[in-house]
1. Can you name every residue in the range 29-44 that is surrounded by 11 or more Cβ atoms within 10 Å (Cβ to Cβ) and not charged (D, E, K, R)?
2. Exactly one of these conditions fails for W156: (1) under 24 Å from S91 (Cβ atoms); (2) more than 15 Å from the chain's Cα centre (by Cα); (3) hydrophobic (A, V, I, L, M, F, W, C). Give me its number.
3. Which residues, counting only those in the range 38-70, are outside any strand (DSSP E or B), among the small types (G, A, S) and either more than 15 Å from F109 (Cβ to Cβ) or modelled with pLDDT under 95 (or both)?
4. Residues that are farther than 19 Å from A38 by Cβ and touching a strand residue (DSSP E or B) at 6+ places or on another chain (Cβ under 9 Å), at least 2 per element: which strands (runs of 3 or more DSSP E) completely within the range 71-149 meet that?
5. Look through K168, K132 and report the one residue that is of a type in the set (K, R) and either surrounded by 11 or more Cβ atoms within 10 Å (Cβ to Cβ) or over 25 Å from S79 (Cβ atoms) (or both).
Amino acid sequence: MEFKNTYIEGLTVIEPRVFGDHRGYFFESYSKPLFEAAGLNLDFVQDNQSLSNRGVLRGLHFQKPPHDQGKLVRVITGSVQDTVVDIRKNSKTYGQHLSIILSAENKTFLWIPPGFAHGFCTLEDHTIFSYKCTDVYHPESEGGLMYNDPSLDIEWELDDVQLSDKDKHYKSFKEFETPFI
């Protein structure tokens with residue numbers, strides 16, 4: 001596995017070593033020793049998976065402390081534009097975002113530590129998105145940001161998206177008070 005730091009401290013792009021031949025392919029999707037060697041000492045307690053068709057946008061979500069979650073995200077089938085916003089108040093990249101294409105084809109992972117709002121937009125029908133979490137889902141700790149807030153300046157790959165009712169009513173970044181220091 002190759003671990004690549006991004007311009008936003010804490011976000012790590014992970015590219016697995018893929019072994020393929022005429023039968024298909026194989027790769028390790030998680031190895032505690034390799035992650036620890038890269039400085040990622042993680043304890044995953046919940047795995048989640050979603051299926052979405054093209055144009056579904058989920059996010060931008062986070063969980064507030066003390067139930068904040070780190071997430072190791074990837075795509076099993078299809079593709080997404082995965083986007084995170086730094087909501088750590090004392091971070092030098094507070095309010096900045098990173099977007100990356102995750103797909104079954106590129107097999108890339110993204111490690112998202114606590115302190116980020118996270119969302120993704122599916123770019124293909126029948127996309128399966130998978131993520132490992134460092135804390136269990138806690139409904140009372142749930143929060144989010146408006147996905148299309150002009151002040152965040154996120155350029156989503158698709159203009160016409162489908163949102164849940166919950167995702168339609170999140171606050172703008174300017175109205176948001178972060179629980180992350």
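The values are calculated or read from the model by the stated rules, or taken from the named source; none is laboratory data. Everything quoted here is computed from the prediction, not taken from an experiment. Every residue, glycine among them, receives a Cβ derived from its backbone with ideal geometry; neighbour counts consider all protein chains shown.
1. Answer for the range 29-44, where residues must be surrounded by 11 or more Cβ atoms within 10 Å (Cβ to Cβ) and not charged (D, E, K, R): S29, Y30, S31, L34, F35, A37, A38, L40, L42, F44.
2. Answer for W156: the failing condition is (2).
3. G39, G55
4. 71-77, 79-86, 97-103, 116-122, 127-133, 142-144
5. K132
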